[in-house]
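A.B. asks: I have a structure here, written as structure tokens, and I will follow up with some questions on it.
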Amino acid sequence: MAAEIIASSWKLVEVGRVVLLQGGALDGHLAVIVEIIDHKRVLIDGPSSDPKLAVLRQPYSLSNVLLTAFVIEKLPRAVRTSTLKTAWEKAEIESKWKESNWAKKRDQQARRKALTDFDRFKVMRLKKQRRFEQRKALAKVRASA
């Protein structure tokens with residue numbers, strides 16, 4: 001009986017891995033690992049189409065990044081920013097990120113954080129209405145059964 005070897009599906013620190021930056025002024029920005037400096041730091045570059053979300057090439061601590069599931073395949077080590085930008089656009093990283101559940105959840109949390117007291121009250125009333133309609137429909141189904 002032959003042993004079957006399956007590669008791990010962990011998100012690895014590798015050149016071409018897209019990361020989400022945490023903390024500081026770059027919180028929430030996307031970047032790509034361009035080079036691994038040592039076991040604690042990497043060189044990142046973020047060629048976003050939106051100038052506000054672009055990240056300049058810089059060393060960054062691995063303790064301040066979250067590894068995403070996105071990888072730019074066959075990216076050479078220490079690639080130039082212009083070459084990285086074309087690979088970024090070809091891989092459609094920004095559109096994939098916006099469609100991901102992670103990005104949607106971050107947007108939702110940011111919207112909820114920005115709610116005023118009156119907005120939270122309106123959300124509560126809408127939840128009550130929805131719950132009432134669901135219970136009414138459930139009662140109708142139970143009565144007909």
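Throughout, read-outs are computed from the coordinates displayed, never taken from laboratory work. Computed from a predicted model, the values in this text were never measured in an experiment. Cβ coordinates were reconstructed from backbone atoms using ideal geometry, including for glycine residues, and neighbour counts include every protein chain displayed.
A.B. asks: If you build a Gaussian network model of the chain, linking Cα atoms that sit under 10 Å apart, which residue out of ARG125, ARG112, ARG77 swings the most?
C.D. replies: ARG125
A.B. asks: HN-Hα J couplings of the stretch 126-140 from phi, Karplus 6.51/-1.76/1.60, θ = phi - 60°, integer Hz, Gly and Pro as x?
C.D. replies: 5, 5, 4, 4, 4, 4, 4, 5, 5, 5, 5, 5, 5, 5, 5
A.B. asks: In whole Hz, with x marking every Gly and Pro, tabulate ³J(HN,Hα) for the stretch 46-55 from phi via Karplus 6.51 cos²θ - 1.76 cosθ + 1.60, θ = phi - 60°.
C.D. replies: Listing the rounded values in order: x, x, 6, 6, 8, x, 6, 9, 5, 10 Hz.
A.B. asks: At a Cα cut-off below 26 Å, give the lysines reachable from LYS140, other chains included and same-chain residues fewer than 8 away excluded.
C.D. replies: List returned: LYS127, LYS128.
A.B. asks: In the stretch 1-80, what chymotrypsin sites (Phe, Trp or Tyr not before Pro) fall in a loop by DSSP, with at most 15 other Cβ atoms inside 10 Å?
C.D. replies: TRP10
A.B. asks: What are the aspartates and glutamates whose alpha-carbon lies under 18 Å from the alpha-carbon of LYS113, with same-chain residues fewer than 8 places away excluded?
C.D. replies: Correct list for LYS113: ASP27.
A.B. asks: Is the C-alpha gyration tensor of the stretch 89-145 telling us rounded, prolate or oblate? Criteria: a/c under 1.5 is rounded; beyond that, a/b larger than b/c is prolate, otherwise oblate.
C.D. replies: It is oblate, given that a/c is not under 1.5 and a/b is not larger than b/c.
A.B. asks: Let me ask you something else. Of the trypsin sites (Lys or Arg not before Pro) in the stretch 4-54, which ones lie in a loop per DSSP and count no more than 12 other C-beta atoms within 10 Å?
C.D. replies: In loop regions of the stretch 4-54 (DSSP not H, G, I, E or B), the sparsely surrounded trypsin sites (Lys or Arg not before Pro) are LYS40, LYS52.
A.B. asks: What are the GluC sites (Glu not before Pro) within the stretch 82-115 that DSSP puts in a loop, where the Cβ has at most 14 other Cβ atoms within 10 Å?
C.D. replies: Within the stretch 82-115, the qualifying GluC sites (Glu not before Pro) (loop, at most 14 other Cβ atoms within 10 Å) are GLU92.
A.B. asks: OK, next. Search the structure for amide H atoms under 5 Å from the amide H of ILE36, placed 1.01 Å from N in the peptide plane, and list their residues when 5 or more places away or on another chain.
C.D. replies: LEU43
A.B. asks: Semi-axes of the chain's equivalent ellipsoid from the Cα gyration tensor, sqrt of 5 times each eigenvalue, largest first, rounded to whole Å?
C.D. replies: 41, 23, 14
A.B. asks: Taking the stretch 17-100 as the region of interest, what is the percent of Cα-Cα pairs per 10 angstrom bin, listed from the shortest bin to the one with the maximum distance?
C.D. replies: 18, 58, 23, 0
A.B. asks: Using a Gaussian network model of the chain with C-alpha springs under 10 Å, which one of ALA110, ALA54, ALA69 is most mobile by mean-square fluctuation?
C.D. replies: Judging by the Gaussian network model, the answer is ALA110.
A.B. asks: With +1 on each Lys and Arg Cβ and -1 on each Asp and Glu Cβ, how big is the dipole of the stretch 17-100 about its Cα centre, in debye rounded to the nearest 20?
C.D. replies: With only Lys, Arg, Asp and Glu charged at Cβ, the dipole is about 220 debye.
A.B. asks: Sticking with this one: For the stretch 21-33, what does the Karplus curve 6.51 cos²θ - 1.76 cosθ + 1.60, with θ = phi - 60°, yield as ³J(HN,Hα) per residue in whole Hz, taken in order and with x for Gly and Pro?
C.D. replies: 7, 10, x, x, 6, 9, 4, x, 7, 9, 8, 10, 6
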